[in-house]
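Report on one structure; see the data block that follows.
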Amino acid sequence: VTFGVGVTVFLSAFSQICLYLAKRDFVDHVDHVEVVGVCVSVDASSKLFVYLACAFRYGSEDLDVMGLSFRRDIWIQRVQVYPPVEGNTAKTPMLEFLMKKVGEQGYPFTFQMPTDLPCSVSLQPGPNDSGKACGVDFEIKGYLANVAFNADEVIEKKDTARLMIRKIQFAPASNKAGPKADIAKQFMMTDKPLNVEASLEKEIYYHGDPITVKVKVNNETSKVVKKIKISVEQLTNVALYSSDHYSKTVCCEEHGDTVNANSTLDKSYQITPLLASSTEKRGLSVDGRLKDEDTHLASTTLSQGEKEMQGMIVSYKVRVTLVVSGGG
């Protein structure tokens, strides 16, 4: 339900609880995260609690059997909303706007996420996979209970309301020069090496931006460079009980430029990694999505480096490969 511009309302059909949010995307600015403002209305005499949880799901929901959940909470914060507890009240312009829509039965409050939480990321399912995708998600849940948390207390579905949100990250503006790497390859039966240098013109690229890769080749050998491959690899570190590392090529292009013996090459190439060209690739990390909306390749995970981050940590690597006659 929408009240005016940008106000999303969640209502559980059989519940006495209504959760109200002004937006569902909250930005991580690296040094701080936007405050999550929530307003809830309740028509009950029981205690009402609301939590915000960041969790990693590493198995489909239909695998949750015999009380075993394939989901691990990375971070969770609970507040008692009703009856109101001193110190839980919050006032922000957005919450004041929500309160005007909800009325006197509304109770406003906020959550403050720490900066060391991962962003909303999921693993792209295969064409025949079903159920909710594995990955990191954020959920706001309101529920009626006697205490904030008791594993033995049974909470009925009609006494709960849920709403998924996303934690997204904006890369700060940067004027830093892009990275540069060089290597010298020595072949048997040759006295001099094949020198290759690759560099990027800037440090940060946004979704859909073409990446310009500058390649310099100094071929002092007797071999011939037959073609040049430029690829972008996505590296995902799943950090939970142990660390698992995954590498997926998200874009690869071949160029027929040759570099003869004792010759040089100085040329720039452009490559644009897009999810549209990898929609069938299972296990690719993509930015979290709400329902079935479109998304894109997962953004690089940025952090201040003060704490070890859990969940899914994403980065990208540009690789330049020279195909040389006679192997190598």
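Numbers below:
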{"read-out": "Neighbour net charge for V102 - beta-carbon separation under 13 angstrom, K R +1, D E -1", "value": "-1"}
{"read-out": "Inter-label distance for K281 and T249, nm, one decimal - labels placed 7 Å from Cα along Cα-to-Cβ", "value": "0.9"}
{"read-out": "Accessible surface, per residue, of region 153-300 when the full set of protein chains is kept, probe 1.4 Å, Å²", "value": "60"}
{"read-out": "Potential lengthening between S325 and I168 on full extension [0.36 nm per residue; Cα-Cα distance subtracted]", "value": "51.9 nm"}
{"read-out": "Amide hydrogen neighbours beyond the local backbone of H29, cut-off 5 Å, H modeled", "value": "E34"}
{"read-out": "Using a Förster distance of 56 Å, the FRET efficiency for N150-N175 (Cβ separation, nearest 0.05)", "value": "0.60"}
{"read-out": "Amide hydrogen neighbours beyond the local backbone of Y316, cut-off 5 Å, H modeled", "value": "L235"}
{"read-out": "Calculated FRET value between K267 and K317, using beta carbons and R₀ = 30 Å, to 0.05", "value": "0.90"}
{"read-out": "Orientation-averaged projected area, Cα convex hull of region 135-261 (nm²)", "value": "14.1"}
{"read-out": "Computed over region 180-324: relative contact order in percent, which uses C-alpha pairs under 8 Å that are six or more apart", "value": "28"}
{"read-out": "Packing-based order for 222-233, 73-84, using average beta carbon neighbours within 10 Å, highest first", "value": "222-233, 73-84"}
{"read-out": "Dipole moment magnitude, nearest 20 debye, region 162-204 about Cα centre, only Lys, Arg, Asp, Glu C-beta charged", "value": "480"}
{"read-out": "With every protein chain in place, region 167-306: carbon and sulfur % of accessible area (1.4 Å)", "value": "48"}
{"read-out": "Which listed pairs, of K192/K317; K141/K281; K176/K226; K214/K248; K91/K141; K167/K214, have C-alpha distances above 26 Å, in listed order", "value": "K192/K317; K141/K281; K176/K226; K167/K214"}
{"read-out": "Of A276, N260, T236, farthest towards positive along the dipole that unit charges on Lys, Arg, Asp, Glu beta carbons give region 185-297", "value": "N260"}
{"read-out": "Inter-label distance, nm, simple model (7 Å from Cα along the C-beta direction), Y58/H29", "value": "3.4"}
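The values are calculated or read from the model by the stated rules, or taken from the named source; none is laboratory data. Predicted model, so just to flag it, every value in this text is computed and none were measured. Counting neighbours? That spans all protein chains shown, and the Cβs are built from the backbone with ideal geometry, glycine included. Heavy atoms of the whole protein, side chains included, go into the accessibility calculation; ligands, DNA and RNA do not. Shrake-Rupley method; radii C 1.70, N 1.55, O 1.52, S 1.80 Å.
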